[in-house]
Amino acid sequence: MRISVIGCGYVGLVTGACLAEAGHDVVCTDINAERIKMLNAGEVPIYELHLGEILDSARKGGKISYTADIGEAIRAGDAIFICVGTPPKESGEADLSAIDSVARQIAAEAKSSKLVVEKSTVPARTGLELSRALAAYSRGGNVRFRVASNPEFLREGTAVYDFFHPDRIVVGVEDPAAAEELREIYRPILEKQFSCPVHKGAGACPAGPKAEFLVTTINSAELIKHASNSFLALKISYANVIADLCERIGADVEEVTHAMGLDPRIGTQFLKAGLGFGGFCFPKDVQAFIHLAASVGVDFEILKATERVNKQRIERFLEKIHKALWVVKGKKIAVLGLAFKANTDDIRFAPALEVVKKLLEEGAVLAASDPEGMTGARTIFPQIAYHEDPYEALKNADAALVCTEWDVFKKLDWERAGKTMARKLVLDGRNLYVPGKMREMGFEYYCFGRA
Ligand code: UGA
């Protein structure tokens with residue numbers, strides 16, 4: 001099928017690349033002409049595992065192209081995937097102005113019928129508004145628009161893997177024909193017809209459980225997305241409160257959450273205590289969901305608590321830092337990890353940046369290391385010394401803060417690092433190390449919810 005993708009961010013690029021890999025003809029566009037230029041030159045503007053390989057092979061195979069001309073992209077596709085940003089407003093409400101602007105352009109530029117698929121995370125009822133907007137902006141012209149919601153459940157860092165191994169594909173539609181069109185688009189993935197880039201060389205992808213193809217109303221599909229992300233965020237905050245309790249009572253949060261998670265009704269994932277959740281999804285989606293609920297008279301108290309607990313993680317970490325260091329001003333502190341989680345260069349709403357901001361305000365002297373997050377951080381905090389090599393960042397440091405769970409940090413040789421640090425002090429915001437072992441090596445070691 002011919003598919004247009006509007007928005008070449010984390011969602012749009014992965015969607016476009018994976019649909020091209022699945023055999024469709026994809027045209028991508030973005031408001032940022034510089035980004036299109038980069039893509040046309042074969043460069044990948046974001047860090048995402050396997051994305052470079054599939055974009056490269058799709059480009060060489062003529063399955064994907066990029067244009068800064070949104071009209072050209074709109075006319076090229078039978079289905080148009082809207083993958084533009086929906087950032088939070090001051091109030092927490094999702095800002096849908098980019099969706100509205102795309103609707104106006106689709107209505108103006110389309111010359112034939114289109115299936116308009118909203119992939120951006122949006123509050124419930126956006127699809128209905130989008131449908132009305134398309135009708136209004138096309139002023140009763142002959143071109144027919146059908147709207148569908150197809151929320152994504154991709155995690156940054158494993159987005160390509162997730163795309164080819166979904167546990168569910170949700171399509172919210174107004175009419176059965178739209179659902180069939182979307183089933184056709186996803187057929188190669190549903191039927192595991194080809195070897196995905198993650199399993200290249202291994203024939204077809206290993207037969208895992210088949211993805212469920214769920215057809216719902218548009219409102220339900222939109223709600224499924226917000227309800228899923230918010231529930232995962234809630235789970236993390238729950239684990240973090242358990243961690244606080246463990247500290248007061250003298251228990252170990254890892255032991256507690258592991259045992260809890262073995263109950264299949266609970267599950268072991270998303271119970272990792274620490275600095276809390278960040279990124280461009282959970283914080284804004286929780287806020288938008290609270291806002292949506294309030295707008296229809298439902299008080300989502302439990303999500304407000306989720307958000308509150310998450311904000312307190314930063315304060316809790318800073319308390320630990322103050323307790324250990326006493327005066328922060330003038331201390332040299334090494335920050336390991338800037339990205340909001342491992343395997344991404346994304347620093348949006350990263351807990352690490354909150355910590356960095358507060359420490360800089362207090363006059364700390366910071367050195368930082370992150371495998372992919374330093375480029376973005378440099379523009380926000382030019383006063384920090386950045387090091388590719390974490391051991392360089394740790395040299396002469398009065399303390400090391402671990403803020404992101406990168407593998408390189410998990411495997412760090414602390415014996416070696418300790419020899420060059422001014423003080424053997426580690427504050428671990430992600431519970432990466434065994435406390436006993438760190439202490440055996442002579443470190444003062446602080447983490448979350450463990451003795
Ligand atoms: C999240 C969802 O997991 C995806 O399903 C969804 O598609 C995506 O948002 C989206 O809406 O686009 P993502 O933001 O990439 O994906 O990151 P997660 O892996 O979910 O992690 C979110 C944050 O929670 C990170 O800061 C991570 O460090 C933190 N986290 C995660 C914890 O603090 N504890 C945990 O146990 C798990």
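All of the numbers you see were taken from the coordinates with simple rules; none came from a lab. These figures come from a predicted structure and were not determined experimentally. FYI the Cβ positions are ideal-geometry reconstructions off the backbone, even for glycines, and counts take in every protein chain you see.
Quick notes
- Charged-residue dipole, Cβ positions (Lys, Arg, Asp, Glu), segment 225-308 about Cα centre, Debye nearest 20: 300
- The calculated FRET efficiency for Glu191 paired with Val296, based on their beta-carbon distance and R0 = 45 Å, is about 0.70.
- The Lys210 and Trp326 beta-carbon pair, evaluated with R₀ = 45 Å, returns a calculated FRET efficiency of approximately 0.20.
- When each of the peptides 380-387, 309-316 is scored by the mean number of other C-beta atoms lying within 10 Å of its residues, the order from highest to lowest reads 309-316, 380-387.
- Segment 2-216: radius of gyration over Cα atoms, expressed as a fraction of 2.2 N^0.38 Å: 0.98
- Exposure proxy order (Cβ contacts within 10 Å, fewest to most) of Ser237, Ser65: Ser65, Ser237
- FRET efficiency for Glu440 and Ile249, using Cβ-Cβ distance with R0 set to 35 Å, rounded to 0.05: 0.90
- Volume per residue for segment 172-300 equals 170 cubic angstrom (convex hull of Cα atoms).
- Each peptide in 398-408, 109-119, 319-329 was scored by the mean count of other Cβ atoms within 10 Å over its residues; highest first, the order is 398-408, 109-119, 319-329.
- Full extension of the chain segment joining Val143 with Gln383 gains 81.0 nm, where the gain is 0.36 nm per residue of separation less the Cα-Cα distance.
- Residues Met441, Met421, Met374, arranged from fewest to most other Cβ atoms within 10 angstrom of their Cβ, appear as Met441, Met374, Met421.
- Over segment 313-446, the reciprocal of the mean inverse Cα-Cα separation, the Kirkwood hydrodynamic radius, stands at 14.4 Å.
- A simple spin-label model places pseudo-atoms 7 Å from Cα toward Cβ; at Glu180 and Leu360 they are separated by 5.7 nm.
- Equivalent ellipsoid of the chain: semi-axes from √(5λ) of the C-alpha gyration tensor, largest first, are 41, 24, 21 Å.
- Net length gained if the chain between Arg168 and Tyr391 were fully extended (0.36 nm per residue, minus Cα distance): 76.1 nm
- Across the chain, the relative contact order, built from alpha-carbon pairs under 8 Å that are at least six residues apart, equals 12 percent.
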